[in-house]
Amino acid sequence: MDKTCHQHTDKNELPPLDLHKNKIAIVGQTNVGKSILFNKFTNSYSTVANYPQTTISVVRKNTTLAGKEFELIDTPGISSLNIHSEDELVTRNILLKEHPELILFCGDATRLKSTMVLLSQLSELDIPTVFCLNMSDDAVRKGIVIDATQLSREVHTPVLETAAIHGVGLTELKSALKTIHTPHPLVSYPEFVHNAVEDLLDLFPVENRPSKGIILLFLMNEDGIAALIESRYGKELLTRCNVLLRGIYMKTPQTRIRQAISSSREAWAEKVAGNVAKKATFTLTGFAQKAAVASRHPVLGWPILLGVLWVIFYGVGTVATLIADAVDGWFFAPVTDAISALITYPLLNDFVVGQYGVLTMGLFNAIGTVVPILIVFFLITSFLEDVGYLPNLSVLLNRTLSIFGLTGKSVLPIVLGFGCNTMATLTSRTLETKKERLVASFLIALGIPCAVQLGVLLAIMATSPFSVLLITIAAVAATQILCGMALNKIIPTEKKADFIMELPPFRLPDIRHILKKTYYRVKWFLMEAVPLFIAGAALMFVLEITGLLTIIKGVMRPVVVGFLSLPDKLTEVFILVLSRRELGAVYFKDMVDAGQVDYYQTITGLIVITLFIPCISNTMVMIKELGSRWAISMNIFIIVIAILVGGLVNFLIRLW
């Protein structure tokens with residue numbers, strides 16, 4: 001692979017950019033390696049996976065390259081400046097409102113035409129751009145040969161071929177950031193579009209005109225652009241622009257203008273791609289490609305999915321449990337006994353290592369019980385992410401999800417919910433319609449346990465009769481299906497969402513990436529959740545010694561003991577679940593291991609805990625993403641549904 005920086009000589013070349021206090025935005029389509037570049041350049045960690053929409057929020061870090069400092073920004077993937085989702089809006093706002101001094105455009109060598117369409121828009125923003133043509137190794141495997149020198153001439157900016165995941169071409173890319181070229185609009189539009197743009201630009205002061213890209217977005221009547229113009233130039237100038245725009249639309253309909261602009265970009269991109277890319281007459285069809293096709297096949301895909309689920313269940317329920325038991329016997333049990341012998345004051349002893357001890361129920365429970373489960377779970381899911389399984393799963397489940405008013409794109413946030421409900425709810429902003437975001441967020445909050453909770457619940461089911469697993473999954477799945485179908489009927493459909501997804505090739509996973517992702521995810525748990533485990537134990541200790549726990553149990557006894565037929569002690573689990581789902585799940589596991597619940601109570605408890613109210617952090621994100629009215633209503637309904645379903649299942653299994 002040629003790693004040379006191919007540069008087009010430009011008489012308008014600018015002097016080297018002073019990078020002190022500058023912002024450089026890494027911009028590109030989804031799943032093109034932006035986060036890998038960010039990690040390589042900053043020696044930090046931003047989540048990397050082989051599926052689209054991995055980055056759903058902005059990540060920033062001050063870093064130094066070639067002895068100069070700047071703020072590097074990792075942005076969510078974007079296919080166009082004509083926004084289709086919330087995460088794309090985040091990226092557009094970075095470009096239009098913050099106006100970084102440089103765009104590091106990360107293109108996809110395997111999707112050259114769509115890459116060129118996006119680049120054509122970025123070239124109209126008056127922001128210097130360095131073009132990194134990434135995934136060149138995948139292009140070679142697909143038999144695609146790109147003439148980078150010719151491409152550099154076509155786009156009037158340096159083009160560097162890279163394979164960021166392997167570190168190829170990054171040294172040259174860093175060097176290219178020192179020399180920046182004047183931005184050069186790449187597409188010529190029909191005369192009526194050109195004249196409309198010039199007429200609008202003439203309304204602005206010559207010394208402070210907006211970029212051609214902003215005017216084109218205004219001409220296409222894109223949401224948010226009028227507000228941007230008003231904030232910069234005032235209401236009076238916006239009014240003049242709107243008057244002129246109405247006159248333009250009287251001569252040429254808005255739909256024709258939009259179509260002409262889009263068609264011009266498409267034609268230019270297709271021409272460039274045809275000039276610089278050659279396709280080999282044949283390509284080798286390897287095992288990876290066959291496996292990817294099989295994983296989304298309407299028949300073969302389902303047994304593969306069941307196999308994946310079995311591996312997760314066995315790994316978390318059996319392997320992780322064996323590790324946890326070994327660590328407890330080797331370390332935590334002896335340490336607990338030693339500390340208990342040292343602390344002779346009864347109240348202090350109970351506070352530290354008692355039933356609600358900050359060490360036994362708090363710290364040791366979090367590390368000894370949860371961490372082994374998390375390590376195994378994240379190793380498996382990180383492997384699936386790196387391979388590229390999740391996008392193919394989206395295709396497999398697209399038709400199934402349609403009964404909920406969702407498309408296959410919803411698979412990604414739903415699957416991410418098994419890692420973290422909070423991040424999954426944030427990821428739902430990538431969905432195109434509000435209805436999809438509402439339905440997906442509700443289903444995630446209702447019946448998708450996060451990684452820690454799921455691992456603990458699987459560990460419980462792995463040591464219980466197999467019927468416990470079947471009944472619990474059937475009850476939760478049926479609840480999800482019925483609620484999803486009901487929401488699809490209740491929530492009005494604004495517009496039909498299209499299902500268009502780029503399918504990345506299956507790749508041989510990089511063990512270093514898998515280990516790094518697992519390390520950071522476990523680290524995030526330790527930093528975020530361990531203090532809450534300790535706080536939860538302290539809370540239960542205070543409730544116990546003050547007698548408040550007895551009062552709460554008395555209030556909840558008609559529901560917990562009467563309706564659900566659960567032990568009075570399960571009230572403590574529900575109190576902990578209110579603050580953090582996994583806290584209650586771990587405490588419930590301790591009760592199951594100690595034989596404090598029978599077969600029927602195990603099933604009922606698992607169902608209620610799985611369906612119960614989402615954790616506080618997810619609730620806060622739901623309020624932020626969906627609004628307080630929707631978030632609060634959803635939480636109330638989730639509590640009611642969890643109790644009703646648990647009570648119904650309790651009645652049926654005892655009757656049976």
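Does GLY584 satisfy the condition of being under 28 Å from THR369 (Cα atoms), assigned to a helix (DSSP H, G or I) and assigned by TED's automatic domain parsing to the domain that holds ASP325? Working first, answer last.
Details: under 28 Å from THR369 (Cα atoms): yes; assigned to a helix (DSSP H, G or I): yes; assigned by TED's automatic domain parsing to the domain that holds ASP325: yes.
Taking the combined requirement at face value, the residue satisfies it.
Among the conditions (1) out of contact with any Pro (no Cβ under 8 Å at 6 or more places or on another chain); (2) touching a residue at least 40 places away in the same chain (Cβ under 8 Å); (3) aliphatic (A, V, I, L, M); (4) surrounded by 22 or more Cβ atoms within 10 Å (Cβ to Cβ), ILE103 misses just one, which is (1). Of the residues making up segment 576-588, not a single one is free of Cβ contacts under 8 Å to residues at least 60 places away in the same chain and touching a Ser or Thr at 6+ places or on another chain (Cβ under 7 Å). Annotation note: Cβ proximity below 9 Å between a residue of segment 592-612 that is more than 20 Å from VAL640 (Cα to Cα) and a residue that is among the hydroxyl-bearing types (Ser, Thr, Tyr) and modelled with pLDDT of 90 or more (sequence gap 6+ or interchain) occurs for VAL592/THR602; VAL597/THR604; TYR599/SER467; TYR600/SER565.
Answer yes if at least one residue in segment 49-60 is buried (at least 22 other Cβ atoms within 10 Å of the Cβ), modelled with pLDDT of 80 or more and not in a strand (DSSP E or B), and no otherwise. No; the residues of segment 49-60 include none that is buried (at least 22 other Cβ atoms within 10 Å of the Cβ), modelled with pLDDT of 80 or more and not in a strand (DSSP E or B). Select, from LEU347, LEU363, the only residue that is in contact with a helix residue (DSSP H, G or I) (Cβ under 7 Å, 6 or more places away or on another chain) and assigned by TED's automatic domain parsing to the domain that holds TRP524. The unique qualifying residue is LEU363.
Just one of THR149, THR157, THR179 is touching a residue at least 60 places away in the same chain (Cβ under 8 Å) and over 17 Å from ASN275 (Cα atoms); which is it? If you could, list the steps in order and put the result at the bottom.
On the way: THR149 fails: over 17 Å from ASN275 (Cα atoms); THR157 fails: over 17 Å from ASN275 (Cα atoms).
Just one listed residue meets the conditions, THR179.
Restricting ASN398, ASN392 to residues that are polar (S, T, N, Q), assigned to a helix (DSSP H, G or I) and surrounded by fewer than 22 Cβ atoms within 10 Å (Cβ to Cβ) narrows the list to ASN398.
Can you name the residue in segment 511-553 that is in contact with a helix residue (DSSP H, G or I) (Cβ under 9 Å, 6 or more places away or on another chain) and small (Gly, Ala, Ser) and, of all such residues, is modelled with the lowest pLDDT? Step by step, filter segment 511-553, then rank; the result is ALA529.
The values are calculated or read from the model by the stated rules, or taken from the named source; none is laboratory data. All values derive from a computational prediction rather than experimental measurement. Because the Cβ atoms are built from the backbone with ideal geometry, glycine has one as well, and the counts that use them run over all protein chains shown.
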